[in-house]
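Trainee: Provided herewith is a single structure, encoded as structure tokens, for subsequent inquiry.
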Amino acid sequence: DVYRGLLQQGGGLYRPKALLGLSECRSELGDLDGALEAASHALAAQPDSAEVNVRMAEMLLATRQGKEAVEPYLSRAVAAAAHSRRAPGGAAAVGSEVVPAIQHRILCVKAEAALMDEDHQTALSAAAEAVRLDASVPRGLLLLGSARLHVAEYAAAIRAVDAVVGAMRGGSGVGRGGIRMRAQAYALRAQAHERLRQYPEALAQAAEALELDPRRTSARVTRALALFHTGQRREAESEMEQATLADPGCSAARLQLGFLRLCLGDRVRAASALEAVESSSVWRSEIGAAKAYLALAADSDAELNGDGRQVRRAEEAVRAALASHQNLAHVWGEIVRGEVPNPLEAVQRLRGICDLDLTTLQAKQLLRLMARATGRADLLQGMSYLAVPTQGREGRGGTGSGASSRQPSANPPNRWAPGGVGEGSWGVPGGSSCGRSSGTSTPTPDMMGGQLGGVMKPRVQGRALSRPSHEQWDGRAWSDAGRAAAGPDADAAWRRGAGAG
């Protein structure tokens, strides 16, 4: 009301400030479109203001606009802030606290835009710089925690959001904005614990987040995944359905709903949810994951019904998955280059990808499908261990990974960021973060059907993996050599084959 009063009186020199205040208030009330409109009016009144341009960038991000929409305003804000520092008197000319505060917001916008673009290296760098500039501002810590989640630095992500929760236990965590930030911190904690397979902790943190903010969709999605992985599959599906109803624009919820339905053997309804992800998501990794799951569903249909059209659909979908999902493409590139010593290791690496959930059986099926679709079926010759048993037609159609025929599986691996920069990567030094690659994750024509060379070998716990000989890669020879290297326990696990988890 105060800001509206100023605007009704004409505002004068205070008009841009009043419009920015109105934008903040509307944003706090959840009226993002109204907040964006107020920021647009402020921009018209003061187009060269660093503060106004930062606000426009923040509101575009809040309304799920991409990096391309944000970049012009971010560039103008950077230029205006630099001009303020160079002006006579420097920061003192505009207030000693203004320039650092604007710089912190610029770094946060840069980090958030990079996260949307899946450039997690840039996001980590910008968020860390924001925290170094002012560690008392929760937004920078939350962005740092989110960026670390994306590169599988789960323990570090928890530490970052712990600082937010600790700092906001007093008065700063009481207002509407403070409550939302605390809820986001608990939601990020929940996600980190779920990725670490610490499901009781994930459920507890998700409950804290939802108590503070019942509309926090990410917490609901995490709770559903934790329920699923603790065997409560139908409850998990119901929870995920509620998440998609509460937030129809949340593509992450639709993706995970598709995955849960695929695991439950409901291929038709899984495909419906996954196709919605294709048409609505701005994330390449989500689109790639949806394509991978659609490929598995079509491949299962083809095996059950002998439908040649489904064979072609499965192969087209998995090629599209490799083109979009850079972590999946990275692992497949390692396999093609001969950097994975045996099929058990290949399946475990696929299952450990931080942004692509797969059961053991699904990973085996996907490995076979990628080899077939990229013309590298020679890699799998003689590998009876990769045979995927066709499940019965009970329920609404088995996918080969349904709950009704669950078998023992190898222990689930730690989730990791292929070629990543963080503690959760298998550690190519100087490589890419989870999501965007510096050069090896994007599929190339060679990765889609040929050999690649000259790439640094990945390391597991500091130990370089040995490159198998060409004879090891030839069908049964690769399988036998890999099983011998992995030992009797791994061989037994491999023979048991299917299973979820």
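Trainee: Any idea how far the Cα center of the range 244-320 sits from the one of the range 105-178, in Å?
Mentor: 32 Å
Trainee: How are the C-alpha pair distances of the range 227-312 spread across 10 Å bins, as whole percents from the shortest bin up?
Mentor: Going out from 0 Å in 10 Å bins, the range 227-312 shows 19, 47, 28, 6 percent.
Trainee: Here is a follow-up. Residue by residue through the range 193-200, what is 3J(HN,Hα) from phi via Karplus (6.51 cos²θ - 1.76 cosθ + 1.60, θ = phi - 60°)? Round to whole Hz and write x for glycine and proline.
Mentor: Per residue, the Karplus-derived 3J(HN,Hα) values read 5, 5, 5, 7, 6, 9, 6, x Hz.
Trainee: Here's a follow-up. Take D48 and A101, extend 7 Å from each Cα along the Cα→Cβ direction, and tell me the distance between the two endpoints in nm.
Mentor: Here the answer is 2.2 nm between the modelled labels.
Trainee: Roughly what would the spin-label model give for Q242 and R132, points 7 Å off Cα along C-beta, in nm?
Mentor: Distance between the two pseudo-spin positions: 4.4 nm.
Trainee: Give me, ordered by chain and number, the residues 5 or more places off I353 or on other chains with an amide H under 5 Å from its own placed amide H.
Mentor: W416
Trainee: Follow-up question, since we're still on this one. In whole Hz, what ³J(HN,Hα) sequence does the range 364-369 give by Karplus (6.51, -1.76, 1.60; θ = phi - 60°), x for Gly and Pro?
Mentor: For the range 364-369, the Karplus curve yields 5, 5, 5, 4, 4, 5 Hz.
We did not get these values from a lab; they are worked out from the coordinates using the rules stated. Being a predicted model, the structure only gives us computed values, none of them experimental. Ideal geometry is used to build each Cβ from the backbone, glycine not excepted, and the neighbour counts take in all protein chains shown.
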